[in-house]
Amino acid sequence: MTGLVLLLTLGGTWLAWEGVAAHDAVAIRADFDFRARDVGKRILQRMNAHEQVLLGVAGLFTGSDVVNRTDFHNYVSALRLQEHHPGIQGVGFALLVPASELARHTSAVQREGFTGYAIRPPGPRDPYTSIVFLEPFEGRNLRAFGFDMYSEPVRREAMERSLAEGRAALSGKVMLVQETDADVQAGVLLYLPVFREGTAGSSVGERRERLLGWVYMPFRMNDLVVGVLGERGPELATAIYDGDEPGSAGLLFDSEKANGDRTPALDHLEARQTILVAGRPWTLVVQSLPPFHERLSRHTQPVVAFGGIALSLLLTGLVWVLASGRDRALRLARGMNRDLLESGAALRASEAKYRGLFDSLMDGFVLVGMDGVVRDSNEAYRKMLGYSEDELARRTYMDLTPERWHPVEARVIAEQVLPRGYSDVYEKEYRRKDGTVFPVELRTFLLKEGGRPVAMWAIVRDVTDARAFQAQIALTSRLAALGTLVAGVAHEINNPLAAAISDQDIALGAVRGLRDRLRGSGPIDTKAEVLVLDEVVEELGEAQEAGRRIERIVKDLKVFGRPNQKDARERVRLMDVVDLAMLWLPAAINQTATVTVENGGAPDVVATAGQITQVVVNLVTNAAKATRDGARGAIVIRVAPGTPGMARLDVVDQGSGIEPAVLPHIFEPFFTTGAVGKGTGLGLSICHAIVSSHGGALTVRSEVGKGSTFRVELPAVTEEA
């Protein structure tokens, strides 16, 4: 009997020990995976922010006729990069210099006071590039002045890729020319092409012809990544490799070399992920270090093991005592009482140590019972919400959030077991004690006893700063877009305005000459003077046409700037809109295309009929222009139900199609593939703005040589409406 009791109690202790070990392993793995993914997320956020800075610098060139060294210095200084974007070695501009312009370019820079300036490395080639602007223009950066990055294969590949794709491109691993003999680090460069007149062109050939140079950023990887990782450095070992697989040749950053080759934990965790940074794959390898395991170690297994063994022995002894007699039982009972007191003291000491570790965690932890009452929390959680421990103990979980249970939390409270014992990361809002609301990211764990859910743990992280950082990125993007729009307006209006002024000057000169001849006393050559008047009429006609073009641009800008006016919106049949558009179509369309209408029974929509008619006329006119020379195209206007809850209108042509490189820019203001002076480049932008203001979507599918389909989807009128 005594042996059976000992065997059963030791078996129970072993099961409890295994359960605690499994629970601790799940919690540690979940926290590690969360932080490993966060490393990649932070790197991508930081590189996206750097790309937005380059877009803003490119906007400086786009919105200016000439950018000199002072303009560049003032603009970059105003960005305060070291304060807002630590890790950037500098921001520069590499000018494209054809071989025929080399001597003139060198002389121009030397006249600025740089008498020893020359493009490096020397040697004949075509074209050259030269780093002419680089801020801050001091220290290590002075070594890069005049360097031809295009002459080096790795840098050249990234520059060519950015030109071909018309967007930012990251280089492979290089040794920056800024490096000295001390603290040598691996480097990468981020390039963005800059084009003359602010337009990239619809093909690689056109972009190459309009290329002015590249704005770029050089990065020293240790300086960049250490600024991104921050406080995560002591707990996680991070290595970054250039390419899809880790290898010594592609090693860009190794936190352990930067921190004295620390050794990973004996039972360390490892995670690998590949991220795409500006078209360049990086492989991240993250390993846990001893401080990570020490911070999360709960030391509950030894307590369970020793406590269980002690309890097993005590119960076995108790059975033996009962079997051996009353006197012996009394003696053993006194000894057992002493042992229990000592064991209780050990357990209390262990609990105090666990509480200290629990309160030292940087993320907030909260334990919520199945009744929604807060049972426990750590110091970081209470500080995040502004409550003391006593105040929080009297609260329910619903007091802390302005919204109802999140679906994930509702599943836990409803005692639905999570597949892995813990949830994916999800977002919601919390409310502080002072009433302010802030965003958080959470991961929820299910706590069970005897196979039954009894509570849930939640790991909570305040993401207010991350949201603010994303808002700063969005603001930088909007400023870059504004620079592009202003440059486009200036370019589109400047051409017809210059033509109008020139025509008026010629006409005015001819009229003044005629006036002077009429004032004279000599004979008048009527035929010659009629020719002069004909020239005046022709020049004034051209000036008038230029003025009308400016008038059209201003009118389009007005519509583009205020597409969401909701005046006169009413219930409209799409077929009525199409019938009206057919009456408004220019007569010239009938010479190049045959327009047919297919009625598939689309539901009604609430819209401003005139604006939607303008969209249809514009799309059909563009489809007619896409007809290949010498061919008569067929254009189909198709009206039908769209996706659930939407009405659809398609304009289908069999024209020349749209190049894939052009498609992403087709709805941008002032972007046009037509000849100079043909259209304002605002038509499709206005259509897109009108459809969006109605709560709909305008999309395009196109195949070169086979034609295009422009699709308008608008919210359908419900029966209740």
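The values are calculated or read from the model by the stated rules, or taken from the named source; none is laboratory data. Everything quoted here is computed from the prediction, not taken from an experiment. Cβ sites come from the backbone with ideal geometry, for glycine too, and all protein chains shown count toward neighbours.
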Q) When both residues are 6+ apart or on different chains and their Cβ atoms are under 6 Å apart, which pairs have a first residue that lies in region 441-463 and is surrounded by fewer than 21 Cβ atoms within 10 Å (Cβ to Cβ), and a second that is at pLDDT 80 or above and acidic (D, E)? A) E441/E427; R461/D363; R461/E441; V463/E441
(Q) Restricting to region 141-180, count the residues that are of a type in the set (D, E, K, R) and touching a Lys or Arg at 6+ places or on another chain (Cβ under 8 Å). (A) 2
(Q) Given the condition within 21 Å of T70 (Cβ to Cβ), loosely packed, with under 13 Cβ neighbours inside 10 Å and more than 26 Å from the chain's Cα centre (by Cα), answer yes or no: does some residue in region 119-138 qualify? (A) yes
Q) Is at least one residue of region 72-88 closer than 22 Å to E152 by Cα and not basic (K, R)? A) yes
**Q.** Residues within region 609-632 that are surrounded by 20 or more Cβ atoms within 10 Å (Cβ to Cβ) and not in a helix (DSSP H, G or I), tallied
**A.** 2
Q. Of G679, G695, G657, G674, which residue is modelled with pLDDT of 90 or more and in a loop (DSSP other than H, G, I, E, B)?
A. G695
Q: May I ask you to list pairs of residues, at least six apart or on different chains, whose Cβ atoms are under 6 Å apart, with the first in region 173-192 being among the aromatic types (F, W, Y) and the second being assigned to a strand (DSSP E or B) and crowded, with 18+ Cβ neighbours inside 10 Å?
A: Y191/A169; Y191/W214; Y191/Y216
(Q) Report every pair of residues separated by at least 6 positions or lying on different chains whose Cβ atoms are under 6 Å apart, first residue within region 640-654 and closer than 18 Å to V572 by Cβ, second part of a strand (DSSP E or B) and among the small types (G, A, S). (A) G645/A716; M646/A716; A647/A716; R648/A640
Q. How do the pairs read when you match residues in region 72-98 that are closer than 21 Å to G213 by Cα with residues anywhere that are assigned to a loop (DSSP other than H, G, I, E, B) and among the acidic types (D, E), using Cβ under 7 Å and keeping only pairs 6 or more apart or on different chains?
A. P98/D126
Q) Of all residues in region 183-200, which are of a type outside the set (S, T, Y) and in contact with a Ser or Thr (Cβ under 9 Å, 6 or more places away or on another chain)? A) G187, V188, L189, L190, L192, P193, V194, F195, E197, G198
Q | Per-region count, region 343-385, residues at pLDDT 80 or above and under 17 Å from D399 (Cα atoms) | A | 16
Q.
Could you go through region 160-173 and let me know if any residue there is among the polar types (S, T, N, Q), part of a loop (DSSP other than H, G, I, E, B) and within 21 Å of the chain's Cα centre (by Cα).
A. yes
Q) Inside region 234-250, can you point out the residues that are crowded, with 16+ Cβ neighbours inside 10 Å, in contact with a helix residue (DSSP H, G or I) (Cβ under 9 Å, 6 or more places away or on another chain) and over 18 Å from A168 (Cα atoms)? A) E235, L236, A237, T238, A239, I240, Y241
Q) Does region 65-121 hold any residues that are in a helix (DSSP H, G or I) and closer than 14 Å to G146 by Cβ, and which are they? A) R69, L102, H105, T106, S107, A108, V109, Q110
Q: State yes or no: is A182 crowded, with 20+ Cβ neighbours inside 10 Å, of a type outside the set (D, E) and assigned by TED's automatic domain parsing to the domain that holds T62?
A: no
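Might you let me know whether region 129-138 holds any residue that is touching a residue at least 24 places away in the same chain (Cβ under 8 Å), assigned to a loop (DSSP other than H, G, I, E, B) and among the charged types (D, E, K, R)?
Checked region 129-138: no residue is touching a residue at least 24 places away in the same chain (Cβ under 8 Å), assigned to a loop (DSSP other than H, G, I, E, B) and among the charged types (D, E, K, R).
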Q: Pick out the one residue from A602, A640, A647 that is out of contact with any His (no Cβ under 8 Å at 6 or more places or on another chain), more than 27 Å from G705 (Cα to Cα) and in a strand (DSSP E or B).
A: A647
